[in-house]
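A.B. asks: Can you read through this structure? Questions will come right after.
The values are calculated or read from the model by the stated rules, or taken from the named source; none is laboratory data. Bear in mind that the values here come from a model prediction, so they are computed numbers and not experimental data. Please note: Cβ atoms are built from the backbone with ideal geometry, for glycine as well, and neighbour counts cover all protein chains shown.
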Amino acid sequence: MDIHIRRGLAEAWALAATHRNMLAAYVGIGVVVPFLFLSSEPIFSLRNLMALASNPWTGIYGSIAGPLYLLGIVAVIAAGAMLAAWNGVLAEMREGFLSEIMYGMVAGFAYLLANLVLAIGTGLVATLPLFVVGFDVLLSDGVTRIALEAYRLLLSLIGGWIGARLCLAGAIMGGRGKLEPVSAFLESWRRTRTAQWRLYGFYLLYGLVFGIAAGGLLLLHGAVILANEPGTVTETLMSFGWILLFALYFLGQVLIPAGFVRAAEPAANAAEIFA
């Protein structure tokens, strides 16, 4: 069992073409709805963030609990939409939007919780050496600070590798209609063993492309804010730019792992069976 990047991307494209209407609906649930939720909170406004950066005493008040609570809701909605979409594109027989959404909300919460536990666990392990060395030593001189930055870079690279090894978990979970994520994480780790460095390189490039796109859009949006008054048509159009970027990212996060799962199971590809 192996995963070839080109074949996986071809499978992802085929899934996108076959399920485009369904995917558009889940983009609405997983991207547009969270965007509207977040846009209702002043702290998530780029104009307000720029004002805070230039003047920390800018009068934007509010409890931190509100934004954190809203971020939690948005994360659950987005994860639920992803699991519902994976269930829709990979299940042997679709049961309809209502069934997929109900499954996605339950499975998405479990998937999100498992990722959170994994992130906290790896974060604690990663910080143990820092506690052993001592933060007073780490901040003592320039050489130590350079070593600390190098350690942070190493941790980010290791985190990317772990992410590549677990990239199939959500698709496996959704495709089989599973509610518990642990076995899906373990199966993803097993399936990606022979292709781990290919997947790692692909996801580094994938993240770089979206990072550059997001950075460019951020700079453009900032320039629009500086040149225009609040509420102009141009600034409103920037919101559609962000929605488009997030929609593309959402589709990539759903379709690429689904394509890799399909590519790892050639026997399940009817086009090859009857070729």
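A.B. asks: Among residues belonging to the range 211-222 that are exposed (fewer than 11 other Cβ atoms within 10 Å of the Cβ) and more than 16 Å from the chain's Cα centre (by Cα), point out the one that is nearest to Ile162 (Cα to Cα). Let's see the steps before the verdict.
C.D. replies: Here is the first cut: in the range 211-222, the ones exposed (fewer than 11 other Cβ atoms within 10 Å of the Cβ) are 211-212, 215, 219.
If we keep only those that are more than 16 Å from the chain's Cα centre (by Cα) too, we end up with 215, 219.
On the way: Gly215: 25, Leu219: 31 Å.
By that ranking, first place goes to Gly215.
A.B. asks: Among the residues of the range 226-269, write down those that are among the small types (Gly, Ala, Ser), surrounded by fewer than 17 Cβ atoms within 10 Å (Cβ to Cβ) and not in a helix (DSSP H, G or I). Break it down into steps so the answer makes sense when it comes.
C.D. replies: Within the range 226-269, the first condition is being among the small types (Gly, Ala, Ser), and the residues that meet it are 227, 231, 239, 241, 247, 252, 258-259, 263-264, 267-268.
So of that shortlist, the ones also surrounded by fewer than 17 Cβ atoms within 10 Å (Cβ to Cβ) come out as 227, 231, 239, 241, 252, 267-268.
Matches in the range 226-269: Gly231 only.
A.B. asks: Mind listing whichever residues of the range 14-31 are surrounded by fewer than 15 Cβ atoms within 10 Å (Cβ to Cβ) and not charged (D, E, K, R)?
C.D. replies: Our first condition is that a residue be surrounded by fewer than 15 Cβ atoms within 10 Å (Cβ to Cβ); within the range 14-31, this holds for 17-18, 20-21, 24, 28.
Ala17, Thr18, Asn21, Ala24, Gly28 - these are the residues of the range 14-31 that are surrounded by fewer than 15 Cβ atoms within 10 Å (Cβ to Cβ) and not charged (D, E, K, R).
A.B. asks: While we're here: Quick check on Ile146: is it more than 30 Å from Glu100 (Cα to Cα), modelled with pLDDT of 95 or more and β-branched (Val, Ile, Thr)?
C.D. replies: no
A.B. asks: Let me ask you something else. Can you pull out every residue in the range 190-214 that is small (Gly, Ala, Ser) and farther than 13 Å from Trp242 by Cβ? Even if it seems obvious, please write down each step before you answer.
C.D. replies: Our first condition is that a residue be small (Gly, Ala, Ser); within the range 190-214, this holds for 195, 201, 207, 211, 213-214.
Of everything in the range 190-214, those that are small (Gly, Ala, Ser) and farther than 13 Å from Trp242 by Cβ turn out to be Ala195, Gly201, Gly207, Gly211.
A.B. asks: Separate question: Looking only at the range 22-67, which residues are in contact with an Asp or Glu (Cβ under 6 Å, 6 or more places away or on another chain) and at pLDDT 80 or above? I'd like the intermediate steps shown before the answer.
C.D. replies: Taking the range 22-67 first, the residues in contact with an Asp or Glu (Cβ under 6 Å, 6 or more places away or on another chain) are 67.
Within the range 22-67, none qualify.
A.B. asks: Given the structure, is Leu154 under 30 Å from Glu235 (Cβ atoms) and aliphatic (A, V, I, L, M)? Let's see the steps before the verdict.
C.D. replies: Working: under 30 Å from Glu235 (Cβ atoms): no; aliphatic (A, V, I, L, M): yes.
Considered against the rule, which asks whether it is under 30 Å from Glu235 (Cβ atoms) and aliphatic (A, V, I, L, M), Leu154 comes out as no.
Listed here are the residues, each with its yes/no results for (1) buried (at least 19 other Cβ atoms within 10 Å of the Cβ); (2) in a helix (DSSP H, G or I); (3) among the charged types (D, E, K, R).
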{"residue": "Ile158", "(1), (2), (3)": "no, yes, no"}
{"residue": "Met173", "(1), (2), (3)": "yes, yes, no"}
{"residue": "Glu187", "(1), (2), (3)": "no, yes, yes"}
{"residue": "Thr194", "(1), (2), (3)": "no, no, no"}
{"residue": "Tyr203", "(1), (2), (3)": "no, yes, no"}
{"residue": "Val209", "(1), (2), (3)": "no, yes, no"}
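A.B. asks: Also, quick follow-up: Any residue in the range 97-109 that is surrounded by 15 or more Cβ atoms within 10 Å (Cβ to Cβ) sitting within a Cβ distance under 7 Å of a residue that is of a type in the set (S, T, N, Q) and assigned to a helix (DSSP H, G or I)? List the pairs, counting only those 6 or more apart or interchain.
C.D. replies: Filtered contacts from the range 97-109: Glu100/Asn87; Tyr103/Asn87; Gly104/Asn87.
A.B. asks: Among the residues of the range 1-19, which ones are assigned to a helix (DSSP H, G or I) and farther than 17 Å from Tyr249 by Cβ? So that I can check it myself, show each step before the final result.
C.D. replies: Keep residues of the range 1-19 that are assigned to a helix (DSSP H, G or I), which gives 5-18.
Scanning the range 1-19 gives Ile5, Arg6, Arg7, Gly8, Ala10, Glu11, Ala14, Ala17, Thr18.
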